[in-house]
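**Q** This structure is in structure tokens; I'll ask about it shortly.
The values are calculated or read from the model by the stated rules, or taken from the named source; none is laboratory data. The shown structure was predicted, so the numbers you read here are calculated from the model rather than taken from an experiment. With ideal geometry, Cβ positions are generated from the backbone for all residues, glycine too; neighbour counts draw on all protein chains shown.
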Amino acid sequence: MRILFVFVFSLFSLQLLQAQQEPNLIQLSGLVLDGSDEAHLVPVPYANIYVLGKWRGTYSDFNGFFSLVVERGDSLEFSAVGYKTVKFAVPDSLVDDRYSMVQLMTRDTVNLPTAVVFPWPSKEHFKLEFLAMDVSSEMQERAMRNLANERLQQMQYGVVMDANENADYYLRQQANANYYIGQTPPMNIFNPFAWKQFFDAWKRGDFKRKK
């Protein structure tokens with residue numbers, strides 16, 4: 001009987017504690033936008049939203065939307081590659097359990113010293129060399145070969161991605177991986193569109209051995 005009383009009392013205390021804590025939780029949703037140009041606001045994709053001191057957070061999607069559960073009085077930190085870090089304090093006087101916001105971020109621009117490149121000592125030297133240049137048919141053919149579609153495709157695959165492209169590719173891969181956490185990712189074996197592409201390629205003879 002004493003054990004049953006202790007169990008009932010503990011269960012009641014736990015429910016009372018949860019009832020006291022739940023009203024403090026808020027579903028915070030919003031958009032992270034680039035506020036560098038107020039006339040043209042664009043979303044900031046994959047921005048990090050971190051709850052300071054709580055070791056948890058989330059990130060915005062490709063359209064800048066985010067949603068997470070916070071408590072009244074929490075401090076949030078918004079950060080993204082190429083933008084200045086912004087902090088936001090959740091008001092502790094909120095009455096509703098839902099709150100929407102728009103967080104603007106400004107670009108973190110680094111100004112480098114101006115570098116002026118002169119291909120010729122002066123404009124007069126450039127004019128003389130330009131007028132003396134012999135544009136023969138051989139040079140025209142070489143230019144046409146360089147502008148051919150096959151040549152442009154080879155150059156496209158041969159040029160490496162810059163820092164922004166690498167960061168965007170990594171964030172897309174990370175977002176796709178996190179999207180299927182806790183569940184089985186879809187497989188193309190059950191995708192009817194993938195089967196159609198397979199049969200079309202089979203009819204075209206794409207899988208035949210080429211000599």
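**Q** Considering (1) touching an Asp or Glu at 6+ places or on another chain (Cβ under 8 Å); (2) closer than 22 Å to Gly30 by Cα, say which one Trp120 fails and leave the rest.
**A** So Trp120 meets the others, but not (2).
**Q** Exactly one condition in (1) loosely packed, with under 11 Cβ neighbours inside 10 Å; (2) at pLDDT below 80 is false for Asp200; which is it?
**A** All conditions are met except number (2).
**Q** Can I ask one more? Being part of a helix (DSSP H, G or I), hydroxyl-bearing (Ser, Thr, Tyr), surrounded by fewer than 10 Cβ atoms within 10 Å (Cβ to Cβ) and not assigned by TED's automatic domain parsing to the domain that holds Asn48: is that true of Tyr157 here?
**A** Yes.
**Q** Do any strands (runs of 3 or more DSSP E) entirely within the stretch 19-137 hold 1 or more residues that are among the small types (Gly, Ala, Ser), outside the structural domain of Asn176 (by TED's automatic domain parsing) and surrounded by 15 or more Cβ atoms within 10 Å (Cβ to Cβ), and if so, which?
**A** Hits in the stretch 19-137: 25-34, 56-59, 75-79.
**Q** Another one. Under 8 Å between Cβ atoms, at least 6 apart or on separate chains: pull out the pairs that start in the stretch 142-171 with a residue that is within 30 Å of Asp61 (Cβ to Cβ) and end on any residue that is part of a helix (DSSP H, G or I) and at pLDDT 75 or above.
**A** Sorted first by the residue in the stretch 142-171, then by its partner, the pairs are Met161/Tyr169.
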